[in-house]
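Novice: Mind looking over this structure? Questions follow.
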Amino acid sequence: MTAKLVKGTEIREEILKEIAEDVKKIKDEHGKVPGLVTILVGENPASISYVTAKIKTAKELGFKEIQDNQPDDLAEEDLLALIDKYNGDDTIHGILVQLPLPKHVNEKRILNAIDPDKDVDGFHPVNVGRLMIGGSEVKFLPCTPAGIQEMIVRAGVQTEGAEVVVVGRSNIVGKPIANMLLQKGPGANATVTVVHTRTKDLAGHCKRADILVVAAGVPDLVKPEWIKPGACVIDVGVNRVGEKISEKTGKKIAILKGDVDFDAAKEIAGYITPVPGGVGPMTITMLMKNTLASLKFSLEKN
Ligand code: NAD
């Protein structure tokens, strides 16, 4: 069997088109657009490229966008004051503080200072709690897990009653996606098992999975014989395993590999995500969706 490729690059385009249509409609009806601010402290090159990509997407969608880059030595109190300013700004619906922050700043204190109703990353404890409760309590789903759920649903994979196995228990991927898929409701209603470094018989659990979500950060961890024939395999892992020269730009780029042995797994799975081009492109897309949702919540409130 050759698995159907579930490409984030394609699903992203579908969702961005839907967002752009909504933005236009809301602008016509209410004269408002979603507002997103990214706050970056320091000059970490990877962080600069992440915030630049987020702001570029926001701009293309017709959002109000602010890329607020601050010096490396910005005092914690000044950063808190900046967040407070955006918390009180009615034209800003999403505040994203790019991590990691410099060592002199208490990351937890900063993230907790963001208004939970503008926390479009979905990492504030209030939003983690809302996710746990589920249903109408949920405001913002964390972006990578939200992207994974969209991919599963849009690929036409049935989650209702499915055996889901999630490899990894991080706060940004493993735990939230497990929580989301076990909730009552469409795109969920699954029976979920979470496995991790202390799990006995990892292979045995994976073999039961109708939907296998792998977020371990270990290249080729999941072997083809661990995959149930026909299963949906979502490979979240992004591992740098070397470098090569890009054919397009002539510059050195990283060789990326997922957590699943893709070439062998695609012959057994029913659906599989590639790396790169799978889950990766979904994260920024879901950030845009959350920012739009935040504007909609604010319109409902007023
Ligand atoms: P993490 O290191 O915080 O967590 C990894 C989890 O995997 C841990 O809970 C650990 O218990 C488990 N694990 C590690 N090795 C294992 C093993 N040998 N057997 C069983 N369990 C094992 O990582 P994370 O932040 O959740 O990210 C996981 C992977 O997903 C990374 O490769 C990361 O780069 C990638 N990622 C991609 C995106 C994206 O594409 N947008 C977003 C976030 C993370």
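Novice: Between Ser136 and Leu5, what FRET efficiency comes out of the Förster formula 1/(1 + (r/R0)^6) with R0 = 35 Å and r the beta carbon distance, rounded to 0.05?
Specialist: For Leu5 and Ser136, the calculated efficiency is 0.50.
Novice: In region 120-159, which residues have a backbone nitrogen under 20 Å from the label point lying 7 Å from Leu299's Cα in the Cα-to-Cβ direction?
Specialist: 120, 138-141
Novice: With r defined as the distance between the Cβ atoms of Lys252 and Ala20 and R0 fixed at 45 Å, what FRET efficiency is calculated, to the nearest 0.05?
Specialist: For R0 = 45 Å, the calculated efficiency reads 0.85.
Novice: With +1 on the Cβ of every Lys and Arg and -1 on the Cβ of every Asp and Glu, and nothing else charged, how large is the dipole of the chain about its Cα centre, in debye rounded to the nearest 20?
Specialist: Dipole size: approximately 600 debye.
Novice: A follow-up question, please. Can you give the three extents of the C-alpha atoms in region 208-302 along their principal axes, from longest to shortest, in whole Å?
Specialist: So the extents along the principal axes, rounded to whole Å, are 54, 43, 20.
Novice: Rg and Dmax in Å for the chain, alpha carbons only: what are they?
Specialist: Expressed in Å, the Cα Rg and Dmax of the chain come to 19.7, 58.
Novice: Moving to a separate point now. Using the charge dipole of the chain (Lys, Arg: +1 at Cβ; Asp, Glu: -1 at Cβ; taken about the Cα centre), state which of Leu256, Pro116, Pro176 has its Cα farthest towards the positive end.
Specialist: Working it through, the farthest residue towards the positive pole turns out to be Leu256.
Novice: Please identify which residues in region 1-39 have an amide N closer than 13 Å to a label point set 7 Å out from the Cα of Asp90, following the Cα→Cβ vector.
Specialist: Answer for region 1-39: 31-33.
Novice: Which of the peptides 233-242, 128-137 is most tightly packed, and how do the rest follow, going by the mean number of other Cβ atoms within 10 Å of each residue?
Specialist: 233-242, 128-137
Novice: Using the Cα centre of the chain as origin and beta-carbon charges of +1 (Lys, Arg) and -1 (Asp, Glu), tell me which of Gly277, Val213, Leu202 is placed farthest towards the positive end of the dipole.
Specialist: It is Leu202, whose Cα lies furthest towards the positive end.
Novice: Sticking with this one: Compute the Cα gyration tensor for region 1-58, then decide on rounded, prolate or oblate, letting a ≥ b ≥ c be the square roots of its eigenvalues: rounded whenever a/c is under 1.5, prolate when a/b is larger than b/c in the other cases, and oblate in all that remain.
Specialist: Oblate, since a/c reaches 1.5 and b/c is not below a/b.
Novice: If packing is taken as the average number of other Cβ atoms within 10 Å across a peptide's residues, how do 206-214, 253-261, 72-80, 40-48 rank, most packed first?
Specialist: 206-214, 253-261, 40-48, 72-80
Novice: Calculate what fraction, in whole %, of the accessible area of the chain sits on carbon and sulfur atoms when a 1.4 Å probe is rolled over the protein chains.
Specialist: Exposed carbon and sulfur together represent 53 percent of the surface.
Novice: Would you mind pulling out the separation of the Cα centroids of region 66-88 and region 205-234, in Å?
Specialist: Distance between centres, Cα-based: 42 Å.
The values are calculated or read from the model by the stated rules, or taken from the named source; none is laboratory data. As the structure is a computational prediction, the values presented were derived from the model and not from experiment. Counting neighbours? That spans all protein chains shown, and the Cβs are built from the backbone with ideal geometry, glycine included. Heads up: the accessible areas ignore ligands, DNA and RNA and are worked out on the full protein's heavy atoms, side chains in. Shrake-Rupley method; radii C 1.70, N 1.55, O 1.52, S 1.80 Å.
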